[in-house]
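Undergrad: I am attaching a structure below and will ask some questions about it afterwards.
The values are calculated or read from the model by the stated rules, or taken from the named source; none is laboratory data. Given the structure is predicted, the values throughout are model-derived calculations rather than measurements. Methodologically, a virtual Cβ is constructed for each residue, glycine included, from the backbone with ideal geometry; neighbour enumeration extends over all protein chains shown. Accessible surface areas use protein heavy atoms only, side chains included; no ligands, DNA or RNA. Shrake-Rupley method; radii C 1.70, N 1.55, O 1.52, S 1.80 Å.
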Amino acid sequence: MDRRSFLKSAGGAIVLGGSVGSAKAGAASSSTPLIKVTWHGASTMQLEFNGLTFLTDPCFGEGEEAFVMGDPNEMFDLAKGPNVKPHGRRTPLRRAKLKVPDHVILSHAHEDHFDQRAARELSKDVPFILPPFDVKKINDMGFTALDPMDWGEVRSFVVGNGKVEITALPAFHSENPEIAKILGKGNGYWITFSQGDWSRSLYWTGDSFGTKQVVEATSAMGIPDLMVAHMGGVGTTGPLGKISMEAEDLLPFAAAIKPAQVLAIHHTTYDLYLEPIAKLMAKNEHGALPLDVLSSGSTLLLE
């Protein structure tokens with residue numbers, strides 16, 4: 001199997017700020033810089049800062065045939081590849097809240113991270129940040145403004161009186177090196193938003209596990225204000241094995257990098273996701289993990 005083979009929320013806002021790990025409901029002061037993180041299901045997030053909008057892993061499909069992709073949860077011959085079929089979406093996409101992005105950031109180009117409908121609807125000249133592995137696939141779809149970032153590379157954007165700096169970090173789609181190779185080299189990203197003496201950092205894992213290399217690379221960046229983690233336990237019933245984290249994987253990963261807050265995404269949205277988010281919430285019953293779980297279309301404010 002080879003990986004190459006816009007848009008209202010019913011949810012409110014959570015504000016993160018003040019002392020490390022604090023969270024409260026409410027609105028941020030207009031004089032304080034802030035990042036708006038809106039989760040649109042799957043691994044699709046809208047990151048807004050000083051009027052600039054990044055859209056991560058765009059997926060716009062809905063209904064019983066939200067996207068078409070091989071099914072890693074079914075048994076199949078690795079030499080022949082999986083059964084390619086439609087996959088259903090369980091949660092609504094609140095399209096009225098989606099904005100036309102200034103930039104798209106891809107963790108990788110599997111169809112549950114960049115689906116067919118998004119590929120049709122996005123402007124072909126929207127700038128992409130993406131793993132080098134996926135450049136040909138996205139270019140073949142007609143997108144022209146592609147900026148591949150390999151692990152360790154950095155991009156900076158001046159945004160009003162502030163700045164956004166993006167660093168590509170290692171991401172391993174499986175803890176099995178051979179399976180990870182089959183699935184292709186994706187990215188995690190460390191994103192720093194700053195203005196004057198104010199700075200906040202967001203670590204987006206991508207489809208990764210907390211391997212030694214990932215933990216070392218992430219820890220070298222510092223302690224993130226927000227860790228955005230992909231969950232779902234995809235693949236546990238298929239020949240690839242687990243290819244996205246379960247609760248038992250996230251807990252030691254987060255303990256190693258010590259984020260001030262954790263936002264779990266990549267769960268619930270699709271039939272593809274096998275582990276319910278309730279399992280993570282149950283394991284975190286005593287609050288060891290500074291965890292946020294949003295409903296699709298809701299916004300978290302990092303101030």
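Undergrad: Anything in the stretch 148-165 that is in contact with an Asp or Glu (Cβ under 9 Å, 6 or more places away or on another chain) and aliphatic (A, V, I, L, M)? List them, or say none.
TA: Hit for the stretch 148-165 is Val154, nothing else.
Undergrad: Is it the case that Gly12 is under 30 Å from Leu274 (Cβ atoms) and at pLDDT 95 or above?
TA: No; evaluated as a whole, the condition is false for this residue.
Undergrad: I'm checking my understanding of the structure. Among residues of the stretch 60-84 that are open to solvent by less than 70 Å² (accessible area, probe 1.4 Å) and over 18 Å from Gly235 (Cβ atoms), which one is nearest to the chain's Cα centre (by Cα)?
TA: By that ranking, first place goes to Phe60.
Undergrad: Follow-up question, since we're still on this one. Yes or no: Asn50 within 20 Å of Ile191 (Cβ to Cβ) and over 17 Å from the mean Cα position of the chain (by Cα)?
TA: yes
Undergrad: Out of the residues in the stretch 151-162 meeting the condition of being outside any strand (DSSP E or B) and touching a strand residue (DSSP E or B) at 6+ places or on another chain (Cβ under 6 Å), tell me which one is most open to solvent (accessible area, probe 1.4 Å). Working first, answer last.
TA: At the first step, the residues of the stretch 151-162 found to be outside any strand (DSSP E or B) are 151-153, 160-161.
The next check asks that each one be touching a strand residue (DSSP E or B) at 6+ places or on another chain (Cβ under 6 Å); those that pass are 151, 153, 161.
On the way: Trp151: 66, Glu153: 73, Asn161: 136 Å².
Of everything passing the filter in the stretch 151-162, Asn161 is most open to solvent (accessible area, probe 1.4 Å).
Undergrad: Among Leu55, Leu34, which is out of contact with any helix residue (DSSP H, G or I) (no Cβ under 7 Å at 6 or more places or on another chain) and open to solvent by 20 Å² or more (accessible area, probe 1.4 Å)? Show your work before the answer.
TA: Working: Leu55 fails: open to solvent by 20 Å² or more (accessible area, probe 1.4 Å).
Among Leu55, Leu34, only Leu34 is out of contact with any helix residue (DSSP H, G or I) (no Cβ under 7 Å at 6 or more places or on another chain) and open to solvent by 20 Å² or more (accessible area, probe 1.4 Å).
Undergrad: If I ask for residues that are of a type outside the set (Asp, Glu) and surrounded by 15 or more Cβ atoms within 10 Å (Cβ to Cβ), which ones from the stretch 93-103 would you list? First the steps, then the outcome.
TA: Of the residues in the stretch 93-103, the ones of a type outside the set (Asp, Glu) are 93-101, 103.
Across the stretch 93-103, the qualifying residues are Leu93, Arg94, Lys97, Leu98, Pro101, His103.
Undergrad: Give the stretch 183-200 a look and list any residue that's farther than 19 Å from Ser43 by Cβ and open to solvent by less than 10 Å² (accessible area, probe 1.4 Å), or say none.
TA: Phe193
Undergrad: Assess whether Thr53 counts as being assigned to a strand (DSSP E or B), at pLDDT 50 or above, among the polar types (S, T, N, Q) and under 29 Å from Val159 (Cβ atoms). Before you say what the answer is, go through the steps one by one.
TA: Working: assigned to a strand (DSSP E or B): yes; at pLDDT 50 or above: yes; among the polar types (S, T, N, Q): yes; under 29 Å from Val159 (Cβ atoms): yes.
Yes.
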